[in-house]
Structures are given as C-alpha cells and as structure tokens.
Amino acid sequence: MKTPLIGICRHRLDTDGQGVTTLVAFHGCPLRCQYCLNAQCLRKDGVWRQMTVQEILDEVMVDDLYFKATNGGITFGGGEPLLRSDEIVDFCKQRPMEWRIYVETSLNVELRAVEAVAPYIDHYYIDVKDMNPDIYRRYTSLDNNRVQENLQWLADHIDLDKVTIRLPHIPGYNTADDISQSQQQLEAMGFKDFDSFEYIIPNEAR
Ligand code: SF4
C-alpha cells in the first residue's frame, strides 16, 4: 500500500533527534491550526510522492552509515505521522536496529496508534499547543480530549525522559500564564522536559 508524503529531508544535524537524521514527513493532519506552517500537508494537491514502506526504506538507506556513526536515524513528522502508525511499525521492524526513531506529533490521534508505535520510539516531540481545552479548540478547531488521554497513557507506560513537550506561545490565543498553567499540569503528570517558544505567524495569517 502506498502512503502519501509531503517530503523526505536528509542530513539534518541534531534537529528533533540526535546525530544525523532524515525527516520522513507524511501528508494529512486532523488539526487545522490557525498558523499552520505546513499547509501543504492539508491540501489535496500537497502530496509530494506516494510511497510504500519498502520504497521509503530504500530511499533513506543511502544514509545508513551516517545514522550508525552519529547515533542518528529517522524522524517521522508531517502532518501527523501517527495517522500512519501501521506504516511506521512496519518500517521500524525492517530498518537496521541501530537507527534511532523519533516522532513529532500532536498526539491528537486514536490511543491504539500511540500504543502501536510505543515499542519503537526513542524520543517523542509532542506539540501539545495548550492544555486549556478552550484555547486548544479555538486554535486547532478540534478538542484535546485525545491528547490528554494519550499523554496520560504515555505517563503510565513509558520512561518520560523520552519525551519533549512543546508549549508554544501562540499570539492571539494564549498568554505566558496559560503556558505556565499547561506546564504545571504536565509536570503533575510526570513530564519533565519542556520547550517553550514563539510561534511564527505565516504572512497569509497576519
Ligand atoms: S498540527 Fe501541525 S501540520 Fe497539523 S494543522 Fe497544526 S501546525 Fe499544521
């Protein structure tokens, strides 16, 4: 079965993962963030290529030596990569075991997708956006019930040293106080590593 991608980006150094990584970016996302910088993944005509898992493996294999020499590997992003959890599991079973696997996700997916990939993920970068359900809904057009459920599942089942939580300042949607409240809520669940930064507003959203 072919999976739609928006791109494969090679030779990233210490970006969302250790060592040299290749980003495999999937098309499609359940959210509609107001300042989405990856709108290509939402548009029907935004598909770069349709590839099988074997074709993705063949394509990224060219950097096998870099991955092994630097403790690097593959970062799955998008779009929302966990919409493609079956393909990620398939990929991880076949890749050289030395490759590390990273995922950038909003976690707004079914729990079964999180459970399926968990045995293979070395580090998660979770774009929580904001824990406040009203802010989240206003910004993304969806509620964050599944995000909260999936965060709790991770807190109960994995080593939280493997998680970086992204808590952006989203101009016009949340404040420094909101970010601080989100962080406190997440710390109470056991999360320890936070990345706070300012969202860049695309020109068309200004
Ligand atoms: S989660 Fe990311 S890709 Fe999806 S709509 Fe939001 S910014 Fe865009």
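None of the figures in this text is laboratory data; all of them are computed from the coordinates on show. Quick caveat: nothing in here was measured; it's all calculated off a predicted structure. Please note: Cβ atoms are built from the backbone with ideal geometry, for glycine as well, and neighbour counts cover all protein chains shown.
Which aspartates and glutamates, if any, have their Cα less than 18 Å from the Cα of residue 44, not counting same-chain residues under 8 positions apart?
Straight-line reach from residue 44, under 18 Å: 80.
Treating cross-link reach as a plain straight distance, find the aspartates and glutamates whose alpha-carbon is under 12 Å from the alpha-carbon of residue 129, omitting any fewer than eight places away in the same chain.
Cross-link targets: 143, 178, 195, 198.
Assign unit charges at the C-beta atoms only (+1 for Lys and Arg, -1 for Asp and Glu), then state the dipole size of the range 49-108 relative to its Cα centre in Debye, rounded to the nearest 20. Mind dumping the intermediate values first?
On the way: 6 positive and 11 negative charges, 31 e Å.
Dipole size: approximately 160 debye.
Please list, ordered by chain and number, the residues whose modelled amide H lies under 5 Å from the amide H of residue 80; skip anything fewer than 5 residues away on the same chain.
Answer set, sorted by chain and number: 28, 29.
Using only Cα atoms, locate the centre of the range 24-64 and the centre of the range 111-175, then give the distance between them in Å, rounded to an integer.
That distance is 20 Å.
Compute the FRET efficiency between residue 68 and residue 15 as 1/(1 + (r/R0)^6), taking r as their Cβ-Cβ distance and R0 = 25 Å, and round to the nearest 0.05.
On the way: r = 18 Å, r/R0 = 0.73.
Between residue 68 and residue 15 the formula returns 0.85.
If the reach is capped at under 15 angstrom between alpha carbons, list the aspartates and glutamates near residue 68, excluding any in the same chain fewer than eight residues apart.
Straight-distance partners of residue 68: 14, 98, 122.
Need one number for the chain: average projected area of the convex hull over its C-alpha atoms, nm². Before the final figure, lay out each step's value.
Details: hull surface 44.0 nm².
That works out to 11.0 nm².
Using a simple charge model, +1 on the beta-carbon of Lys and Arg, -1 on the beta-carbon of Asp and Glu, nothing else, what dipole does the chain show about its Cα centre, in debye to the nearest 20? Walk me through the numbers on the way to the answer.
Working: 21 positive and 32 negative charges, 115 e Å.
It comes to approximately 560 debye.
Could you work out the relative contact order of the chain, using alpha carbon pairs under 8 angstrom and six or more residues apart, expressed as a whole percent? Spell out each step's value before the answer.
Numbers: 389 pairs, mean separation 38.3, N = 206.
Reported as a whole number, the value is 19 percent.
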